[in-house]
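Scroll down for the structure; my scribbles are underneath it.
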Amino acid sequence: MQGFFRAAFALFVALGLVTTSAPAMAGTLQCAPYARQISGIQLFGRAADWWDQASGHYDRGHEPRVGAVLAFASSRSMPAGHVAMVSQIVSTREVLLTHANWSYRGGIERNVRAIDVSANNDWSDVKVWYGPIGGLGLRSNSARGFIYATSPVAAKPVQIASADTGITLH
C-alpha cells in the first residue's frame, strides 16, 4: 500500500511540475484568428475590417452558407467587430455559429444559435446566443454580411505556359 501512495505522489509531483513550467497566461484566443483557422478564409487584422478586406478576394453576400464567416460591424460594445463561422443553417433566419471570444474571454463556442432580426431579412441585425444568460443576447448586433470561403480567384484555374515544351499546365 505504501508503494501505491509513493507512486501516486510521484505522479502528482510530476504533473505539478509540468503544469507550473507552462506560462500562467499564454494569451487569449481572439475571434479573427480562430475564424481564419476553421473557415480557411485568409484575412488578417481586426474582425471589423474583414468585410472590406474580402472585397475582390472572396465573394460576399447576405445569404447564410455553411462555412461562411458572418462579419459583425464595429460598435461601441464591440470596437474591433466580430467574426463567426456558420456551422449549420437552421432556416433562412436562423443559423448556428462557431466562434471564439464571445460569451467568455478567449472561449470557443460551437453551434450556438444566431437569428436574423433585421427588418429587411438581410442579416444586417443579428442576435447571438450569450452563455452568461443562457439565451439570445439582450441586444442585437449590426452585421455587414457573409464572407464565403470559396475565393472567386481560387475557383478559376491558373494557366502557366511552359516556354520549353509548349505544354499548358492547369
Name the residue that is nearest to S142 (Cα to Cα), counting only residues in segment 94-124 that are in a strand (DSSP E or B) and small (G, A, S). A114
Could you check segment 46-73 and list, in sequence order, the residues that are part of a loop (DSSP other than H, G, I, E, B), farther than 15 Å from N101 by Cβ and either free of Cβ contacts under 8 Å to residues at least 60 places away in the same chain or among the hydrophobic types (A, V, I, L, M, F, W, C) (or both)? S55, G56, V66, A68, A73
Only one of these is within 14 Å of the chain's Cα centre (by Cα) and among the basic types (K, R): R60, R76, R93, R46. Name it. R46
In this structure, does A32 turn out to be on the phi < 0 side of the Ramachandran plot, part of a helix (DSSP H, G or I) and at pLDDT 50 or above? yes
The one condition L169 fails out of (1) farther than 18 Å from R60 by Cβ; (2) modelled with pLDDT of 95 or more; (3) not aromatic (F, W, Y) is (2)
Check segment 125-142 and report whether any residue there is closer than 18 Å to F44 by Cα, out of contact with any strand residue (DSSP E or B) (no Cβ under 8 Å at 6 or more places or on another chain), part of a loop (DSSP other than H, G, I, E, B) and at pLDDT 95 or above. no
Residues satisfying the stated conditions in segment 47-85, i.e. crowded, with 22+ Cβ neighbours inside 10 Å and closer than 15 Å to K127 by Cβ: P64, L70, F72, H82, A84
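The values are calculated or read from the model by the stated rules, or taken from the named source; none is laboratory data. Keep in mind that this is a model prediction, so the values were computed, not measured. Every residue, glycine as well, gets a Cβ built from its backbone with ideal geometry; the counts of neighbours run over all protein chains shown.
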